[in-house]
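Right, one structure below, let's go through it.
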Amino acid sequence: MSDCLVIIPTYNEMGNIEKMVRKVFSLARPFHLLIIDDGSPDGTANKVKELQQEFPENLFLIQRSGKLGLGTAYIAGFRWALQKSYQYVFEMDCDFSHNPDDLLRLHDACQSGGNDVSVGSRYVPGGGFVNWPKDRIRLSKNASLYVNLVTGIGIKDPTAGFICYKRKVLETIDLDKIRFVGYAFQIEMKFAARKLGFKIAEVPITFTERVEGVSKMSRNIIKEGIIGVLQIQWNSFFSTYRKK
Ligand SMILES: Nc1nc2c(ncn2[C@@H]2O[C@H](COP(=O)(O)OP(=O)(O)O)[C@@H](O)[C@H]2O)c(=O)[nH]1
Ligand SMILES: [Mg+2]
């Protein structure tokens, strides 16, 4: 049994999924894995079902009919986790841009570091990139500046998608209020945690450009991010993220 659940959203990750599953289950600490697959045409979900034969106790799958966005995938995963007794819930990409070994440091920052949320950060000392294209680095750095300017959130890497949440954070946030699907989702979750007074730590990580598969990054995700940040700040004047 494990009190730690790693949620991985997948869309066309056939080139990464088996290696990722085996890597997570090889770590020094036991983790459970929940894959949220959006009907990947490349058969990612079938590969997970195959692997579930080998890992029946700790590998889980939610299949959704079509590509519904990373944000709604995580919200579905958080709801699933809260129906069970997991104490730590993680977000991680499937393409090894996030190094699964760093799950242990994110966990420590919450379990023994006294934080409620730990963020795998590229923008604190010791954080960085390997092989990530210059235009993505520029976009990501500008996004961080813009988010901090508009919201004053005080997090160096607000679009980061490698996160550990203590259960109480997900129990307190009204998940119905989190409506964005792309980067804005990552910003809004951290914004909500900050607004609700939770302790957030940034843990330095190295983000490595994916080798297998292609990025699902799109203009729509950027547009949603730019407008979304303004909406998040504006809404915060009138409503709370605290679940009633
Ligand atoms: N379920 C689901 N997963 C998605 C969707 N879009 C992206 N992902 C997954 O989210 C993770 C991050 O996406 P990626 O394309 O690597 O984004 P990038 O690193 O910003 O270029 C990967 O594991 C993707 O397979 C989606 O619409 N639905
Ligand atoms: Mg990626």
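Worth pointing out:
- Charged-residue dipole, Cβ positions (Lys, Arg, Asp, Glu), region 153-244 about Cα centre, Debye nearest 20: 380 debye
- Region 4-236, accessible surface, carbon-and-sulfur percent (1.4 angstrom probe): 53 percent
- Reachable lysines from residue 67, criterion Cα separation under 17 angstrom, eight or more residues apart if same chain: 216
- For region 4-236, the alpha-carbon coordinates run over 48, 36, 35 Å along the three principal axes, in decreasing order.
- Residue ranking by accessible heavy-atom surface, 1.4 Å probe, largest first, among 27, 5 comes out as 27, 5.
- Subtracting the Cα-Cα distance of residue 174 and residue 238 from their residue separation scaled by 0.36 nm leaves 21.6 nm.
- Once the 1.4 Å probe is applied to the protein heavy atoms, the chain comes out at 45 Å² accessible per residue.
- With all protein chains modelled, accessible area of residue 208 [1.4 Å, Å²]: 50 Å²
- Dipole axis of the chain (+1 Lys, Arg; -1 Asp, Glu on Cβ), positive-most option in 215, 165, 17: 165
- Pairs spanning more than 24 Å between alpha-carbon atoms, out of 199/243; 49/177; 223/244; 19/166; 199/223; 156/223: 49/177; 223/244; 19/166; 199/223.
- For residue 2, solvent-accessible area (1.4 Å; no DNA, RNA or ligand), Å²: 10 Å²
- With loop membership from DSSP and a limit of 16 other Cβ atoms within 10 Å, the longest segment of the chain without GluC sites (Glu not before Pro) is 58-208.
The values are calculated or read from the model by the stated rules, or taken from the named source; none is laboratory data. This one's a predicted model, so the numbers in the text were calculated from it and none came from an experiment. Every residue, glycine as well, gets a Cβ built from its backbone with ideal geometry; the counts of neighbours run over all protein chains shown. The protein model used for the area step is the full one, side chains on, heavy atoms only, and it has no ligands, DNA or RNA in it. Shrake-Rupley method; radii C 1.70, N 1.55, O 1.52, S 1.80 Å.
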